[in-house]
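Structure record follows, encoded as structure tokens.
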Amino acid sequence: MNIVTCIKQVPDTAAKLQVVDSHVTWGDSPLIVNPWDEYAYEEALLLKEKFGGKATAISMGPETANEALKTCLAVGCDEAYLISDAALKGSDASATAFTLAKAIQKLGEVDLVLLGKQAIDGDTGLTAAMLGRYLGWTVLTQVIKIVEIDPKAKTIKVERFMEEGRQVCSAKIPAVVSVIKGINEPRYPSFMGIRKAAKAAIPKWGIADLGIDPTRVGKTGAFVVWPEIYPMPVKETKVEIIEGASPQEIAAKLADRLIAEKVI
Ligand SMILES: Cc1cc2nc3c(=O)[nH]c(=O)nc-3n(C[C@H](O)[C@H](O)[C@H](O)COP(=O)(O)OP(=O)(O)OC[C@H]3O[C@@H](n4cnc5c(N)ncnc54)[C@H](O)[C@@H]3O)c2cc1C
């Protein structure tokens, strides 16, 4: 099976995001693989181990995204491709999905594309559905279990996570599948894997390599533009320490206070 996993590089979860002149910045905090995408590459590796074939990681982003791709190579992905071009700057989810679809088509025969459910910076959760539409393939979102794949019959059976339970879905492959936490336990890269990945040369594709018209992507191609981003106003909070001679007295005072504030 040929499996592609889409990886986004995002600021570290502990990064302090700030808005400067309506642009989000995270200073010099480290960049990481989007946490949800770790489940996507792990699932790609598990399927490759089960069925054979190839796991390929792709990322659209600046040159720094090579580091995220190197993590994918270090854990065991066979190939990685960076899609990077100045013309892609300002792309919305649609232009991102369109570009990823072109890269997947360039890769040739692909059975399954795995994505994380959401990127922790952009947070739209739209890329998987839009990618599926551009490819004209089945889309399965919120997948918590891949129950079975029949590569010969070209079918897939998954369980989707719902608040109330699980939904079993059967569909045709090729498919685009977005996965959630709990589907697997992502592995750590081995020392040998890190060394191998450090030496790997990752091919870079620009929009000309993908046959993309520059007006179709970036700010000009985006359906949604972000004219402004502003931070939430800081909430005024105050701390009050309730004192007392005994735990009973403190608890009684606390209860009175909560009743007075209409909390209980
Ligand atoms: C400088 C800048 C300007 C931007 N301007 C705009 C704008 O004007 N309008 C607008 O709508 N958006 C804008 N964006 C947001 C950006 O285009 C989104 O990050 C993109 O639309 C993907 O959406 P998302 O991050 O919400 O991903 P989601 O849909 O939440 O991600 C789901 C999954 O898709 C995959 N994925 C997502 N992005 C990539 C990627 N780049 N490469 C590989 N896999 C990926 C990952 O597997 C991820 O887990 C801007 C971003 C930047 C950095």
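No lab work stands behind these numbers, since they all come straight from the coordinates. All values reported here derive from a predicted model rather than from experimental measurement. Positions of Cβ are backbone-derived with ideal geometry, glycine not excepted, and every protein chain shown enters the neighbour counts.
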Unpartnered Cys in the chain, judged by a 4.7 Å Cβ-Cβ cut-off, are Cys6, Cys169
Springs between alpha-carbon pairs under 10 angstrom, Gaussian network model over the chain: which of Ala93, Ala252, Ala55 fluctuates most?
Ala252
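Hey, with R₀ at 35 Å, roughly what FRET efficiency would Val263 and Glu163 work out to, going by the Cβ-Cβ distance, to 0.05? Let's see the in-between values first.
On the way: r = 28 Å, r/R0 = 0.79.
My answer for the efficiency is 0.80.
If you take the beta carbon distance between Glu49 and Lys152 as r and set R0 to 22 Å, what does 1/(1 + (r/R0)^6) give as a FRET efficiency, to the nearest 0.05? The partial results should precede the final answer.
Numbers: r = 19 Å, r/R0 = 0.85.
Result of the calculation: an efficiency of 0.75.
Report Rg(Cα)/(2.2 N^0.38 Å) for the chain, keeping two decimals. Intermediate values should be presented prior to the final figure.
Details: Rg = 22.7 Å, N = 264, 2.2 N^0.38 = 18.3 Å.
Cα Rg divided by the expected 2.2 N^0.38 Å: 1.24.
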Using a Gaussian network for the chain with springs between C-alpha atoms less than 10 Å apart, which of these wobbles most: Lys253, Lys145, Lys70?
Lys253
Sequence of Cys72, Cys77 once ranked by neighbouring C-beta atoms within 10 Å, starting from the fewest
Cys77, Cys72
At 7 Å along the Cα-to-beta-carbon direction for both Met192 and Ile229, put a label point, then send me their distance in nm to one decimal.
4.1 nm
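Using 24 Å as the Cα-Cα cut-off, could you pick out the over-long pairs in Lys8/Lys54; Lys8/Lys106; Lys235/Lys262; Lys70/Lys145? Don't jump to the answer; show the numbers that get you there.
Numbers: Lys8/Lys54 20 Å; Lys8/Lys106 19 Å; Lys235/Lys262 20 Å; Lys70/Lys145 26 Å.
Exceeds cut-off: Lys70/Lys145.
Looking only at GluC sites (Glu not before Pro) in DSSP loops with at most 11 other Cβ atoms within 10 Å, what is the longest site-free stretch of the chain? Could you put the intermediate results ahead of the total?
Values: sites that count: Glu63, Glu109, Glu163, Glu164, Glu228, Glu236, Glu240, Glu243, Glu261.
Here the longest run is 165-227.
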Thr141's amide H: which non-local residues (gap 5+, or another chain) put their own amide H closer than 5 Å, with H modeled 1.01 Å from N in plane and none for Pro or chain starts?
Ser178
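Sort Asp213, Asp12, Asp111 by Cβ crowding within 10 Å, fewest neighbours at the top. Write down the numbers at each step before the final one.
Numbers: Asp213 10, Asp12 13, Asp111 19.
Sorted ascending by nearby Cβ count, the order is Asp213, Asp12, Asp111.
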MRE, 222 nm, helices only [DSSP H, n ≥ 4, -39500 (n - 2.57), over the chain, to nearest 500]:
-9000 deg cm²/dmol
